Amino acid sequence: MFDFLLSEDSRRRKMLELAPEGPVRDYLSAPLIDRSRDIHSVSLLPLDFETSGLDSSKDHIVSAGYVVIERGEIQLSTATHELVRTEKLLTEESVVIHKITDDAASAGSPLDEVVAKLLQSLAGKVMVAHNAKIEISFLTQACRDLYGVSPRFPAIDTMRIARQWLERRNKEIEQGDLRLFNLRKRYGLPMYQAHNALTDAIATAELLQAQIAHMDSSKCLPLKQFLK
């Protein structure tokens, strides 16, 4: 475990040396969270992006939503929803999904402001996302484009947790079983309208809480058990 922390911290410090002054440098300045800490004591940031497509190398972030979890409680006062201003036209297919039109996007904030605010909120916390590879790839690409460096983002993936839970019990995973709102049904969580970044972030936060509650909470649940 300690070798892993040292190697991760070495990467962080090396990237910190290369990072320009500003948001990404401030993010990298925050120390890594000890992977042996109990998940209940770790500061988390459930995050969701709505995007123009699934390829971060050519598509872009349309909106971002996130909320803080502290000591196992969702802090709704921290809930943040940002539209991202873009000069690129949105495809009809993506607008049908996220309902954000070109006119709405044009009134959003510049990407650098949205990412700077997000990195400030994420510093010292662990990202939580459903199918986290999407959020990680788009945030990594945004940092590369804006700052010339692409930090590593420790993340908890609620989809991965669900998949592992089903596989350990030899349950067949059918199409759609791992979708966020289908998984929420399993835990008796309320239904929300999908494809709003903030709503999905809160929905992911609640799903993680339910997943943790169904584990053996009589003992320490180390962060490393959850990390992607």
(request) Within segment 124-133, work out how many residues are buried (at least 18 other Cβ atoms within 10 Å of the Cβ) and part of a helix (DSSP H, G or I). (result) 0
(request) Identify, from the list ILE100, ILE74, the residue that is over 19 Å from VAL24 (Cβ atoms), modelled with pLDDT of 95 or more, hydrophobic (A, V, I, L, M, F, W, C) and surrounded by 15 or more Cβ atoms within 10 Å (Cβ to Cβ). (result) ILE74
(request) Filter segment 1-31 down to residues that are of a type in the set (Asp, Glu) and assigned to a helix (DSSP H, G or I) and give me whichever is modelled with the lowest pLDDT. (result) ASP3
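Could you tell me whether any residue of segment 186-209 is in a helix (DSSP H, G or I) and at pLDDT below 95?
Pass one, segment 186-209, residues in a helix (DSSP H, G or I): 186, 197-209.
Right, trim to at pLDDT below 95 and you get 186.
Yes, segment 186-209 has at least one match.
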(request) Would you mind stating whether ASP177 is of a type outside the set (Lys, Arg) and in a helix (DSSP H, G or I)? (result) no
(request) State the number of residues belonging to segment 192-224 that are within 14 Å of ASP38 (Cβ to Cβ), surrounded by 15 or more Cβ atoms within 10 Å (Cβ to Cβ) and among the aliphatic types (A, V, I, L, M). (result) 3
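For every residue, the table says whether it meets (1) surrounded by fewer than 17 Cβ atoms within 10 Å (Cβ to Cβ); (2) out of contact with any helix residue (DSSP H, G or I) (no Cβ under 8 Å at 6 or more places or on another chain).
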| residue | (1), (2) |
| --- | --- |
| ARG152 | yes, no |
| ALA155 | no, no |
| ARG160 | no, yes |
| ARG169 | yes, yes |
| ILE173 | yes, no |
| LEU178 | no, no |
| PRO190 | yes, no |
(message) So if I check each of GLN211, GLN193, GLN175, which one is more than 20 Å from VAL67 (Cα to Cα) and polar (S, T, N, Q)?
(response) GLN175
(message) Is it the case, given these coordinates, that VAL115 is under 20 Å from the mean Cα position of the chain (by Cα) and either modelled with pLDDT under 95 or part of a helix (DSSP H, G or I) (or both)?
(response) yes
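The values are calculated or read from the model by the stated rules, or taken from the named source; none is laboratory data. None of the values given here were measured: they were computed from a predicted structure. Glycine gets a Cβ as well: all are built from the backbone with ideal geometry, and neighbour counts include every protein chain shown.
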